[in-house]
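Structure first, commentary second.
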Amino acid sequence: MLSVFCLFGKAVCADASIPFELINGLILIEAEVNGNLGNYILDSGSNGILLNGLSGDSDVSYQTLSSTLNGREKKINLFKVGDFEVSELFGFSTDLSNLETYLNKSLDGILGCSIFTPNSLLFDFENSRLIISEKDLPQEVVNSYSSISFKIVEDLPIAELNILGEKHSFILDSGASSHFIDPNEIHSFETYFIPTGIEKNIVTAGGTDKVSREFELQGNLLGNTEVSFQAFEKDFALISTALGTKISGLLSLSKISKSTVFFDLKSKKLFFN
């Protein structure tokens, strides 16, 4: 069912419009897997579908950004969210109870954004709605946004950003509560990365990491776009090895903009305002 929403005073077509909750910086939507409705984290930093719950012994492993999870492969006959649906998929069943505790809410799984390809996703943070569309945004709307280009590596969106004149690869992640940067990059730019004094435990699908410190990049310049850039330190060596490319950090979509982020899987551009 095609619907229409308004953006910057312009009518934009959508194939599905779904409400979401933003809890601790994570985007939660209701989705249906094999006829069962549940809560799922929408995570562009995941290249698959993770399903909460593990019965029996593990028979396969799954590489996340920070650890290797053990679990079982599970067939998904039908995946549905709003009016959008896909059939004949495979997911990975594992224990996600630590994320349930972090969210203080029942969690049925994690959805990688690649499942929506070649559609585009618009995160309307002001109205807490996710828009799924096959249609391109009107050019006058696109011109109102800042943009970052990205490439797809193993179903993960990776943007190449200029930090103080040097290029660095960052994962674009709708399933992260904060920006993150590798400690080696902080050391390389130690004059410009200033500790804010804020620390927190980082909770992931694989468990809870050690306490992480937050740093602020003085100058706040990413490419040609000025954005507020505070990031927690996180080691990306494991995922860099898995992807075969050096990853310097991760950008949280919910921290890039408090208003609107358009994740265009066709043109491979991220637009935000």
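FYI, it's all coordinate maths here, none of it is from the lab. The structure presented is a predicted model; accordingly, all values stated were derived computationally and were not measured. Reconstructed Cβ throughout: ideal geometry from the backbone, glycine too, with neighbour counts over all protein chains shown.
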log10 I(q)/I(0) for the range 93-171, Debye formula on C-alpha points only (no solvent), q = 0.11, 0.13, 0.19 Å⁻¹, two decimals, reads -0.48, -0.67, -1.15
Straight-line reach check, Lys255, cutoff 12 Å on alpha carbons, 8 or more apart in-chain or any other chain, hits among aspartates and glutamates -> Asp173
So, over other residues within a Cβ distance under 13 Å of Pro19, counting Lys, Arg +1 and Asp, Glu -1, the net charge is -3
If R0 = 25 Å, then Glu30 and Glu88, at their Cβ-Cβ distance, give a FRET efficiency to the nearest 0.05 of 0.70
Taking a straight Cα-to-Cα line shorter than 16 Å from Lys268, and setting aside same-chain lysines fewer than 8 residues away, one finds Lys135, Lys151
At 37 °C and 0.692 mPa s, the Stokes-Einstein diffusion coefficient in µm²/s for the range 139-272, with hydrodynamic radius from the Kirkwood sum on alpha carbon pairs, is 213
In the structure shown, of Lys75/Lys246; Lys80/Lys105; Lys167/Lys258; Lys246/Lys269; Lys74/Lys167; Lys80/Lys167, the pairs separated by more than 28 angstrom at the C-alpha atoms are Lys75/Lys246; Lys74/Lys167; Lys80/Lys167
Whole-Å distance linking the alpha carbon centroid of the range 95-154 with that of the range 16-41 is 11
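If you take the beta carbon distance between Leu37 and Lys268 as r and set R0 to 25 Å, what does 1/(1 + (r/R0)^6) give as a FRET efficiency, to the nearest 0.05?
Values: r = 32 Å, r/R0 = 1.26.
For R0 = 25 Å, the calculated efficiency reads 0.20.
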Fewest-first ordering of Asp108, Asp43 by Cβ atoms within 10 Å yields Asp108, Asp43
